[in-house]
Amino acid sequence: MKKVIEASEVRNLVKSGDKLLVGGFGLSGSPLTIIDELLETDISDLTVVSNNLGEDSLGLHKLFVQGKIKKIIGSFFTTNKPAVTAWQKGELEIDLIPQGTLAEAIRAGGAGIGGFYTKTAVGTELVAGKEEREIDGERYIFEKAIKGDVSLVRAAKADKLGNLIYNTTARNFNPMVATAGKVVIAEVDEIVEVGELDPEYIVTPHAYVNYIIESKYVKKGGKYVESR
C-alpha cells in the first residue's frame, strides 16, 4: 500500500461521528495541515481526544468554530474561552482528564490494556461516576483505556515506509496517539527514502502508520505559518 499521499486525500479518511486522537501540546506537535484539510469536508459530530483544543485560530480551534466537534476529551481548555463558553451553554461536551492520566490512557489503548488504577484526582469532581477501590490502604480510581477511529500525529521526519522521528518537545503525546487509532495519519516536515533515518532515532515504527503527508506549516518567530 502506498503510504505517501496528497494532503487533500485526508478528507476521505475521516467520517462524521469518528473519534479522533490528535497529538500536540498547545500547537507544538499539532497536525495543522491535516486539520486544515478536514475543514473542507462536511463531517460533523466528531469526538476529539487531545490535550487541548488549539489556540489563536489555529489547529483544532478551527474545527470547533465550524461546529464539527461534538465532544472533546483532554486536559487544558482554559486558553480557549469560546470552547469554555460553549460548554457552559451545553453546546459542547467536555471530559476533563489530568495530563498524565490522559497520556497513560492513550498508551494503554495502544498497548491493548483495558485500563488502569491511579491516585490522581481521587476525591475530586473529575472522578464522579468512576470506579474506586482501595489498594494497600490507599484510594485509587479506575481509568479506562482510550482508543480511536483515526489518529492524527505530527512528526519531524518520515521515510516512505512510515517510520517516524520527532522534534524534541513536539514529540509530546504523538507517540502514544500513533499506537491507539485504527487508522494513523502522520503529518511530517520531511519525507526521506527508506534507509536514510538512523534506526536509533525512530520512535514510531512504520507498522503503526497508514498514511503520510507533507506539512505546509513551518515555525517562524515562535509562530506557525504556511510555507506553501
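Conditions (1) closer than 14 Å to VAL49 by Cα; (2) surrounded by 21 or more Cβ atoms within 10 Å (Cβ to Cβ); (3) within 12 Å of the chain's Cα centre (by Cα), marked per residue:
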residue: GLY114; (1), (2), (3): no, no, no
residue: VAL122; (1), (2), (3): no, no, no
residue: VAL127; (1), (2), (3): no, no, no
residue: LYS130; (1), (2), (3): no, no, no
residue: ILE135; (1), (2), (3): no, no, no
residue: GLU143; (1), (2), (3): no, yes, no
residue: LYS147; (1), (2), (3): yes, no, yes
residue: ARG154; (1), (2), (3): no, yes, yes
residue: LYS157; (1), (2), (3): no, no, no
Contacts under 8 angstrom Cβ, first residue in the stretch 130-141 being without any contact (Cβ under 8 Å) to a residue 24 or more places away in the chain, partner among the small types (Gly, Ala, Ser), 6 or more apart: ARG139/GLY123
Is it the case, given these coordinates, that PHE25 is under 20 Å from LYS157 (Cα atoms), aromatic (Phe, Trp, Tyr) and either touching a Ser or Thr at 6+ places or on another chain (Cβ under 8 Å) or open to solvent by 10 Å² or more (accessible area, probe 1.4 Å) (or both)? yes
Being among the acidic types (Asp, Glu) and open to solvent by less than 20 Å² (accessible area, probe 1.4 Å) narrows it down to one residue among ASP95, ASP45, ASP36; which is it? ASP36
Can you give me the number of residues within the stretch 100-112 that are without any contact (Cβ under 8 Å) to a residue 60 or more places away in the chain and surrounded by fewer than 16 Cβ atoms within 10 Å (Cβ to Cβ)? 2
Which condition from (1) touching a residue at least 24 places away in the same chain (Cβ under 8 Å); (2) surrounded by fewer than 17 Cβ atoms within 10 Å (Cβ to Cβ); (3) within 17 Å of the chain's Cα centre (by Cα); (4) within 20 Å of ASN174 (Cα to Cα) is the one that LYS70 breaks? (4)
Considering only the stretch 192-225, state which residues are assigned to a strand (DSSP E or B) and more than 23 Å from VAL14 (Cα to Cα). VAL192, VAL218, LYS219, LYS220, LYS223, TYR224, VAL225
If ASP56 meets every condition in (1) closer than 28 Å to VAL225 by Cα; (2) open to solvent by less than 20 Å² (accessible area, probe 1.4 Å); (3) not hydroxyl-bearing (Ser, Thr, Tyr) apart from one, which number is that one? (2)
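The values are calculated or read from the model by the stated rules, or taken from the named source; none is laboratory data. Predicted model, so just to flag it, every value in this text is computed and none were measured. Every residue, glycine as well, gets a Cβ built from its backbone with ideal geometry; the counts of neighbours run over all protein chains shown. Side chains are part of the model used for accessible areas, which takes the heavy atoms of the whole protein and leaves out ligands, DNA and RNA. Shrake-Rupley method; radii C 1.70, N 1.55, O 1.52, S 1.80 Å.
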